[in-house]
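Notes to accompany the following structure.
The values are calculated or read from the model by the stated rules, or taken from the named source; none is laboratory data. Computed from a prediction, not measured in an experiment: that's the story for all the values here. Every residue, glycine among them, receives a Cβ derived from its backbone with ideal geometry; neighbour counts consider all protein chains shown.
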Amino acid sequence: MRTIVAVAIGVPGAFQIQNKDDLKDTPNKKVRRYLHGLVGGLLRRSYRFGTGPANNEFVINFRLTDEAGLTQPATFKDSNGNNPSVIFCMSTRVAKAAGSHKLGVPIVGIVSDPSFENLNTDPYCGVSARRVQTAGDCFNNFRLAVPTLNRIFVLGNSNNSVSNRARDYVMSAAGTFLHPDVDVTSLANLNQALAQLPARTVTQPCVNGLLVLPLDMFLSRASDIIQVVQDGKHLPTFFPVPDFVRGNESSALGAYGVSQRRCGVLMAEQVHFIFTHFGQLPQGQDRWLLAPEYDFEFSTSAPAAAKHHITLGPDIPPPEE
């Protein structure tokens with residue numbers, strides 16, 4: 001049996017994923033779509049859930065943790081306190097924290113720029129979805145989606161290097177376009193910061209919107225951000241991953257990027273390599289798989305736009321129905 005410890009930022013909790021039903025969300029458990037992609041990619045390679053002795057059987061210990069949990073080696077060990085076969089990290093910060101404990105376990109992470117983060121050596125490998133490098137494209141596509149905007153608030157964390165680099169790309173794309181910061185350095189302050197955004201009535205033109213930078217701490221609270229900003233203030237929200245854009249009124253208004261599910265499928269390739277090479281990591285160009293251009297999605301939600309009386313731009317792909 002192989003044990004995968006999968007770690008993401010969120011409200012602390014530990015969950016066992018031993019079958020496909022365990023991937024379903026519950027009120028206390030929001031499963032990252034990275035894991036849906038990982039499981040799908042492994043099942044297609046003839047792995048199966050199980051706790052027996054076969055090398056093609058696996059279980060996943062899914063952990064949500066806050067910043068304090070990242071400093072604890074136990075966060076990255078299995079439910080019995082042992083080292084797992086692989087540590088599966090769903091953000092740059094989590095991957096770097098896992099490596100800092102020097103557990104001697106392969107780390108498969110989702111990292112925008114592994115070279116910048118000095119993650120081009122063992123025990124790291126993974127997938128680059130280039131979310132930082134395409135933050136400017138995300139900003140531009142938000143303007144295409146809602147052409148009436150003249151001010152886009154940017155939700156970021158000034159204490160985080162990924163956030164600051166993504167913000168630099170946004171600033172380069174924005175030029176003289178107004179883009180004030182919403183700086184949130186702790187999830188405890190998120191709702192308070194969002195409450196300061198200006199509200200709009202649905203009869204008013206849509207001139208303000210919120211762009212979410214590619215941080216796991218924000219993606220873990222995507223539904224809260226949509227509820228507070230979009231449902232509460234009638235301001236469109238735009239995300240760096242399309243997983244939160246759906247064909248219903250509770251959807252985010254739009255997104256641009258590679259889906260978490262697709263990244264998980266690519267990460268399954270790395271996990272499979274480790275499993276079949278006695279714990280060795282892929283080397284050279286194969287250490288970090290680059291998400292291809294055709295995996296980038298520009299998505300909008302027609303039902304969400306209609307609910308909030310937002311007119312979508314004419315130069316966007318067909319919206320989700």
So Asn157, is it in contact (Cβ under 8 Å) with a residue 60 or more places away in the chain, more than 25 Å from Asp25 (Cα to Cα), of a type outside the set (A, V, I, L, M, F, W, C) and assigned by TED's automatic domain parsing to the domain that holds His101: no
Selected residue (only one of Val241, Val202, Val229 is closer than 19 Å to Pro147 by Cβ and in the same structural domain as Val146 (by TED's automatic domain parsing)): Val202
So Val108, is it in contact with an Asp or Glu (Cβ under 7 Å, 6 or more places away or on another chain) and buried (at least 24 other Cβ atoms within 10 Å of the Cβ): no
Pair list, Cβ < 7 Å and 6+ apart or interchain, from region 160-179 residues that are outside the structural domain of Leu149 (by TED's automatic domain parsing) and exposed (fewer than 15 other Cβ atoms within 10 Å of the Cβ) to residues that are part of a helix (DSSP H, G or I) and at pLDDT below 95: none
Every residue from region 52-66 that is closer than 19 Å to Leu103 by Cβ and among the charged types (D, E, K, R): Arg63
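Quick grid of which residues meet (1) crowded, with 24+ Cβ neighbours inside 10 Å; (2) charged (D, E, K, R):
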site	(1), (2)
Phe218	no, no
Ile225	no, no
His234	no, no
Ser251	yes, no
Ser259	yes, no
Glu269	no, yes
Residues satisfying the stated conditions in region 196-213, i.e. at pLDDT 95 or above, aliphatic (A, V, I, L, M) and surrounded by fewer than 19 Cβ atoms within 10 Å (Cβ to Cβ): Ala199, Val207
Residue satisfying all of: in region 195-233; of a type in the set (Gly, Ala, Ser) and closer than 23 Å to Tyr169 by Cβ; nearest to the chain's Cα centre (by Cα) among these: Ser220
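Mind checking which helices (runs of 4 or more DSSP H) fall wholly inside region 29-121 and carry at least 1 residues that are touching a residue at least 24 places away in the same chain (Cβ under 8 Å) and farther than 20 Å from Leu289 by Cα?
67-70, 92-100
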Search result, residues across region 260-307 that are under 30 Å from Asn140 (Cβ atoms), charged (D, E, K, R) and in contact with a strand residue (DSSP E or B) (Cβ under 8 Å, 6 or more places away or on another chain): Asp295, Glu297
